[in-house]
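The values are calculated or read from the model by the stated rules, or taken from the named source; none is laboratory data. Computed from a prediction, not measured in an experiment: that's the story for all the values here. Here the Cβ positions follow ideal geometry from the backbone for every residue, glycine too, while neighbour counts run over all protein chains shown.
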Amino acid sequence: MSDIHIDGLTKEFDDVTAVDDISFDVDSGEFLVLVGPSGCGKSTTLRMIAGLEDITSGELRIGERRVNELAPKERNIAMVFQNYALYPHMTSAENMKFGMKSVSDYTSEEINERVRKAADILDIPELLDRKPSELSGGERQRVAIGRAIVREPDVFLLDEPLSNLDAKLRVQMRAELLQLHRELDATTVYVTHDQTEAMTLGDRVAVLNDGQIEQVDPPQMLYDFPDTRFVAEFIGSPAMNIVPIDLAFGDGAVAHHESFELSLPNPELFTERPDSAYFGVRPEDVSLVDNVAGDPETFEAEVSVTEPLGESLLVHCLLGGDELHVKAEARTELDAGDTVELCVDEERLHVFDDAGDAIYHSSPRGETVSDAAETQVEP
Amino acid sequence: MATRSTSESTLARLLPGDIDAEQALVHGGLVVSIFLMGLPLLLALIMSTQNTTEVYQITNVGIGSQGLSNYETVLGEYNFGQYMINSVVMSVIIVVGKVTLSLFAALALVYYRFPYERAVFMFILLTLLLPVPVRIVPLFDLMARLGWGNTLMAITGPYIASATAVFLFRQHFMSIPASLVENAHLDGVGPLKFLWEVLIPMSRGMIAGVSVITFIYAWNQYLWPLIIMSDQSKQVVQVGLRFLQAASQSGLTRWGIIMAGAVIALLPPLAVLIVMHRPLLKTLAIQQK
């Protein structure tokens, strides 16, 4: 297994810059997820690592080798494609062997042994003699992964491998991928547009937007301490509430909004002190006052819509001209037009400046990290 | 089972009392048009059994007195077997050469990035505007200079490069997901191995279809072989038919003999069509897209 070093990687197509000067490292054995909306350059980045796209500028190293100029086959990587890329006229076993055979240093016995082993790991020995057309989507995906495994590459690259599967199968395959990664301990770069996949699979997650990296961090860090407004809104569902505020700094820091006033704890954590900014709070960090003990600062809002999510109730509230989503307890009796009293979890507040960069998190960064490692649940 | 039930229902529909006027009209029209289209072939088959006098009696449309002896004459006296062999050799060489070359050309066009790729493809398509009959004079000159006159090279070479076949293969290759070739790149599978082990097995239907079209096209070549081949024993069957016409009996063209030759000349492409009609239909369907 090898680590990957990416330094100033840039890809320009004729008149667009798809990937703009990005840098990050992937440690040996790490599972790194590249996530972002479509067109953010995540697939292009992956394809540059694979060698399927030329690198316009920057340096790419796998292990100690600079691989910018190396052909894909010399980089010793395996890739799993969104559409599986299985050869339709070959059986699963032939598909898995095909690439191996062109690397001539293996005897056919070794190849067969490896295919058997990969099939065992993926629990597909009975599918080996079938052609792709006789397999279901999930089975095809397994064969495609098996084909990557038999090569025992330095690096695995996965390009949205689960997006052609139905929702239930996706959750199941996600768990299996995680388990597989644990068994193989392979350096993996995984591209997805689905933030849930990113959160559940990644040791670390790199959020891309518009060809640039917004943040690279472990999932819980990303969730608790988004570096930018984009990350805050992209990671998490339902998305973080963002409302414009005015800031006043006296003894403490106070956020003024047309319908609430809130003193922000730990004002020394502000990295900048602008007059106006954007206040961010996740729907689950806002509560209806009835459910909160003590005497927190509260404010009123009007309910516009309620969406029952099953395990909770998502309440859309009107805060003056802005909308605020609140995750309330399931089966709370609320109707449109009701006025509710709300309060926020003071440890989970965020402020972003006009440019979209985070200038304040109400908890000191890192405090919840140990916490995060424990609470990071498996899917 | 399905065909049986359909034929049963067709049968049921054809039963008297069930036929309405409109259907009768439609079916009548179809029968007449099929008959009209088949008529020349039918007449050729009938005439090929008649002697010259019988042929000239317009009203005589029964099986003639000659039976199969016209066929014997054509194959024996007129050396028609040799022409048939020449035609088969020519057609097979053209089919193999054209399919091979076009596969390579399409492979290059689809799976390699090279400068002015689009222009190259357009240039290939442009050659459609200049079929062999248009280039016949310069082509003759070229063959003469190459010293290929009166050889197999002359009647096969000019047909090997084909814009149509390149176009058909290119379109087909483009419908194959790019990730297949990308995966092959990652595995270090070379272009020839990829062509042989992936593209060709995945394009069998298209290759068969193009082969049928090419075979029939090659088989029907007349003008170019007529011009470039001076040796009668090396001639192809379509020109051979012309030789039959020259043999007249007391000033009357021996149509019985000619028709027998025409029927013989018809058999190989017919056989190819019957065997390969399925892939051919698929190819044509793709062409319509």
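Data for the structure
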{"read-out": "Test: A:Gly8 is assigned by TED's automatic domain parsing to the domain that holds A:Ile62, surrounded by fewer than 16 Cβ atoms within 10 Å (Cβ to Cβ) and under 21 Å from the mean Cα position of the chain (by Cα)", "value": "no"}
{"read-out": "So B:Ile176, is it more than 14 Å from chain A (Cβ to nearest Cβ) and of a type in the set (A, V, I, L, M, F, W, C)", "value": "no"}
{"read-out": "Any hit, the stretch A:70-77, residues being surrounded by fewer than 19 Cβ atoms within 10 Å (Cβ to Cβ) and of a type in the set (D, E, K, R)", "value": "yes"}
{"read-out": "Residue count for the stretch B:158-171, restricted to those that are in a helix (DSSP H, G or I) and either of a type in the set (A, V, I, L, M, F, W, C) or farther than 18 Å from B:Val120 by Cα (or both)", "value": "9"}
{"read-out": "Per-region count, the stretch A:78-95, residues closer than 13 Å to A:Arg147 by Cβ, within 11 Å of chain B (Cβ to nearest Cβ) and in contact (Cβ under 8 Å) with a residue 24 or more places away in the chain", "value": "10"}
{"read-out": "Candidates A:Glu268, A:Glu272 - the one that is in the same structural domain as A:Glu347 (by TED's automatic domain parsing), under 29 Å from the mean Cα position of the chain (by Cα) and of a type outside the set (Ser, Thr, Tyr)", "value": "A:Glu272"}
{"read-out": "Selection status of B:Ala119, small (Gly, Ala, Ser) and either surrounded by 14 or more Cβ atoms within 10 Å (Cβ to Cβ) or in contact with a strand residue (DSSP E or B) (Cβ under 7 Å, 6 or more places away or on another chain) (or both)", "value": "no"}
{"read-out": "Selected residue [more than 20 Å from A:His350 (Cβ to Cβ) and part of a strand (DSSP E or B)] from A:Glu323, A:Glu333, A:Glu307", "value": "A:Glu307"}
{"read-out": "Neighbours by Cβ (under 8 Å, 6+ apart or cross-chain): first from the stretch A:97-126, in the same structural domain as A:Arg151 (by TED's automatic domain parsing) and crowded, with 19+ Cβ neighbours inside 10 Å; second acidic (Asp, Glu) and not in a helix (DSSP H, G or I)", "value": "A:Arg114/A:Glu152"}
{"read-out": "Residue satisfying condition, being closer than 26 Å to B:Leu195 by Cβ, within 12 Å of chain B (Cβ to nearest Cβ) and in contact with a Leu (Cβ under 6 Å, 6 or more places away or on another chain), within set A:Asp105, A:Asp159", "value": "A:Asp159"}
{"read-out": "Positions within the stretch B:60-112 being in contact (Cβ under 8 Å) with a residue 12 or more places away in the chain, under 23 Å from B:Leu42 (Cβ atoms) and among the small types (Gly, Ala, Ser), in sequence order", "value": "B:Gly62, B:Gly64, B:Ser65, B:Gly67"}
{"read-out": "Residue that is nearest to A:Ser237 (Cα to Cα), among those in the stretch A:319-333 that are buried (at least 17 other Cβ atoms within 10 Å of the Cβ) and either without any contact (Cβ under 8 Å) to a residue 60 or more places away in the chain or among the aliphatic types (A, V, I, L, M) (or both)", "value": "A:Val326"}
{"read-out": "Residue match in the stretch B:255-262 (condition: modelled with pLDDT under 80, buried (at least 17 other Cβ atoms within 10 Å of the Cβ) and small (Gly, Ala, Ser))", "value": "yes"}
{"read-out": "Qualifying positions in the stretch B:69-91 - hydrophobic (A, V, I, L, M, F, W, C) and touching a helix residue (DSSP H, G or I) at 6+ places or on another chain (Cβ under 8 Å)", "value": "B:Val74, B:Leu75, B:Phe80, B:Met84, B:Val88, B:Val89, B:Met90"}
{"read-out": "Enumerated helices (runs of 4 or more DSSP H) restricted to the stretch A:169-250, each holding at least 1 residues that are within 30 Å of A:Leu122 (Cα to Cα)", "value": "A:195-201, A:219-224"}
{"read-out": "Residue list for the stretch B:179-229, filter: under 19 Å from B:Phe104 (Cβ atoms), surrounded by fewer than 17 Cβ atoms within 10 Å (Cβ to Cβ) and more than 9 Å from every other protein chain (Cβ to nearest Cβ)", "value": "B:Pro191, B:Leu192, B:Trp196, B:Ile200"}
{"read-out": "Among residues of the stretch A:187-211, those that are buried (at least 22 other Cβ atoms within 10 Å of the Cβ) and either among the polar types (S, T, N, Q) or over 17 Å from the mean Cα position of the chain (by Cα) (or both), counted", "value": "4"}
{"read-out": "Some residue of the stretch B:175-192 being free of Cβ contacts under 8 Å to residues at least 40 places away in the same chain and under 18 Å from the mean Cα position of the chain (by Cα)", "value": "no"}
{"read-out": "Residue within the stretch A:281-303 that is surrounded by 18 or more Cβ atoms within 10 Å (Cβ to Cβ), in contact (Cβ under 8 Å) with a residue 60 or more places away in the chain and under 14 Å from A:Val351 (Cα atoms) present", "value": "yes"}
{"read-out": "Evaluation of B:Ala108 against (1) part of a helix (DSSP H, G or I); (2) touching a helix residue (DSSP H, G or I) at 6+ places or on another chain (Cβ under 8 Å); (3) surrounded by 15 or more Cβ atoms within 10 Å (Cβ to Cβ) (one fails), failing number", "value": "(2)"}
{"read-out": "Leading residue by the ranking (farthest from the chain's Cα centre (by Cα)) among those in the stretch A:78-107 that are in a loop (DSSP other than H, G, I, E, B) and of a type in the set (Phe, Trp, Tyr)", "value": "A:Tyr106"}
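Yes/no per residue for (1) within 14 Å of another protein chain (Cβ to nearest Cβ); (2) surrounded by 15 or more Cβ atoms within 10 Å (Cβ to Cβ); (3) out of contact with any Cys (no Cβ under 9 Å at 6 or more places or on another chain):
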residue: A:Asp129; (1), (2), (3): no, no, yes
residue: A:Ser133; (1), (2), (3): yes, no, yes
residue: A:Val143; (1), (2), (3): yes, yes, yes
residue: A:Asp166; (1), (2), (3): no, no, yes
